[in-house]
Amino acid sequence: MIVEKAEHYLERIEKVNKRINALIEVNAERVLEEAKKLEKDEKAKKKPLYGKVVVVKANINVEGYTISCASKTLENYIAPYDATVVQKIKENGGLIIGIANMDEFACGSSGETSYYGATKNPKAEDRIPGGSSSGSAAAVSADLCDLALGSDTGGSIRNPASHCGVVGFKPSYGVVSRYGLCDLAMSFDQIGPLTKTSEDALLLTNIIKGKDLKDTTTVETKPFEKKDIKGFKVGVIKEFMDVVDEKIRNKIETSIEVFKDIGCEIVELSYKYVDLALPTYYLINYVEFFSSTRRYDGRRYGYKIEDVCGEEVLRRIMIGSMISQKEYSGKYYKNALRARNLMRNEMIKIMKDVDIIVGATVPKLPHKLGEKLTPMEMYSYDVLTVPANICGLCAGVVPCGEINGIPIGLQIQGKPFDDEKVLNAMIAFEKSIN
């Protein structure tokens, strides 16, 4: 079964991937060899991921594969070990088929900044797939795998999930180990699943989550179970709806009605710090990214990053370098940390009496590949997703319709460690519209 499935996906990759550029490394010989071992292993057949074929984003270590972060900087870096999440997938019977394309060092919201070239959106090939987990979302959308792993710093799982018409989930900060992840911004990053269904998102999250001694930020949580959401109080934030294009807002309003039909109560909320989201997120992002890239000095890993990286990566390094300096850190970075606390406290306060918040994932439709946008226009894709990372929330995306053939995703957010509630809301919504 698993060998046959691997062969099927390898054939599809051969036909489709040249066009959409979702995967940047596939070792067919290795994949088939591992599939044969799994098929002979009687114990593996009883494991929860047996028969599932998985793609991994190019910033998560998979032993023996090139983990380049889609950058020339690390084009010759072969991972010497498995990230904790990869180890758990293998231990539970999953088969890794390849490494997914991404925005270089996860710097981007479009999937266009990769050293290996842009990824196309399988559902609308003239449009961006979203980023930075562009290849992971596109691989699931194009049926090149069953499941994929992405990483989410400010919407990098949810943004491409929405654009490509798949399911994406960002766990609460600390639920999933980041050991083996090449960080963009360590206080924001979380690894999470991109899948075809919400039930698969719950399955993969249960596999990869848990306390890890190699990552001191992790916590232990009980297994997430499927439960009824009837009676949930569902919050809708007015200011989030106000920044969304009208056509998308109409789709979201229709989706909110689905929760009424399920038996949920809709509660209107107001959040006064929406305008702080992008500056707060990016100022912290710049500083943490600058810090994390100091290891790429050309001595231990590949090339010196500043000598070979793309425009967006260099921009973030230069701004991060500047605002890390003593004379600027008080004016910018420390103020951003204060704003982060304000945002988090206010978000927890308004969510106190609701179970989940629902709304749009992105405020606008994906632009056409190659279309020139200013950095601020590009960053604006993240205005509705970065609050979850700033505030430590869990958040998922489930498809809720299309506009001119372009998918739209409904974002569902929950309080820190209410991952089970969000996953169940995603499952319930999906079942109600299908």
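No value in this document is a laboratory result; all are computed from the given coordinates. Being a predicted model, the structure only gives us computed values, none of them experimental. Ideal geometry is used to build each Cβ from the backbone, glycine not excepted, and the neighbour counts take in all protein chains shown.
What is the distance in Å between the Cα centroid of the stretch 1-43 and that of the stretch 116-178? Using only Cα atoms to place each centre, the spacing works out to 20 Å.
For the chain, the alpha carbon positions stretch 54, 54, 44 Å along the principal axes, listed from largest to smallest. Among LYS37, LYS415, the ranking by other beta carbons within 10 Å of each residue's beta carbon, starting with the fewest, stands as LYS37, LYS415. For the stretch 2-208, the equivalent ellipsoid derived from the Cα gyration tensor has semi-axes of 23, 19, 17 Å, listed largest first.
Computed across the stretch 277-333, the Kirkwood hydrodynamic radius from all distinct Cα-Cα pairs reaches 11.8 Å. Secondary structure note: in the chain, about 70% of the DSSP beta bridges are antiparallel. The helix-based estimate of mean residue ellipticity at 222 nm for the chain, built from -39,500 (n - 2.57) per DSSP H run of four or more residues and divided by its residue count, is -11500 deg cm²/dmol to the nearest 500.
Where does the stretch 47-135 land on Rg(C-alpha)/(2.2 N^0.38 Å)? Ratio of Cα Rg to 2.2 N^0.38 Å: 1.13. Comparing GLY401, GLY135, GLY174 in a Gaussian network model of the chain, where Cα atoms under 10 Å apart are tied by springs, the biggest mean-square fluctuation is seen for GLY401. Against the empirical curve 2.2 N^0.38 Å, the C-alpha radius of gyration of the stretch 310-386 lands at a ratio of 1.46. When only Cα pairs below 8 angstrom with a gap of at least 6 residues are kept, the stretch 391-434 shows a relative contact order of 40 percent.
Taking 8 Å as the Cα distance limit and 6 or more residues as the minimum spacing, I'd like the relative contact order of the stretch 1-78 as a percentage. The normalised contact order for the stretch 1-78 reaches 25 percent. Percent of C-alpha pairs per 10 Å bin in the stretch 244-293, short distances first: 19, 27, 26, 21, 7. Taken as Cα centroids, the stretch 360-434 and the stretch 289-312 sit 31 Å apart, rounded to the nearest whole angstrom.
Amide H contacts under 5 Å for LEU269: VAL236, ILE237, LYS238, restricted to partners 5 or more places along the chain or on a different chain, H placed in the peptide plane at 1.01 Å from N. Its residue count N fixes a reference of 2.2 N^0.38 Å for the stretch 98-178, and the Cα radius of gyration divided by that reference is 0.98.
Along the axis of the charge dipole computed for the chain (Cβ charges of +1 for Lys and Arg, -1 for Asp and Glu, origin at the Cα centre), the listed residues TYR301, ILE427, THR113 are led at the positive end by TYR301. Cross-link pairs exceeding 23 Å in C-alpha to C-alpha distance, out of LYS47/LYS196; LYS238/LYS372; LYS170/LYS431; LYS15/LYS120; LYS57/LYS120, comprise LYS238/LYS372. For GLY98, the residues whose amide H sits under 5 Å from its own are VAL56, ignoring neighbours fewer than 5 places away on the same chain, with H placed 1.01 Å from N. Each Lys and Arg Cβ is given +1 and each Asp and Glu Cβ -1; about its Cα centre, the chain then shows a dipole of about 700 debye. Size of the stretch 178-303: Rg and Dmax of its alpha carbons, in Å, are 19.8, 60. Across the chain, the mean sequence separation of Cα contacts (distance under 8 Å, 6 or more residues apart), normalised by length, yields a relative contact order of 18 percent.
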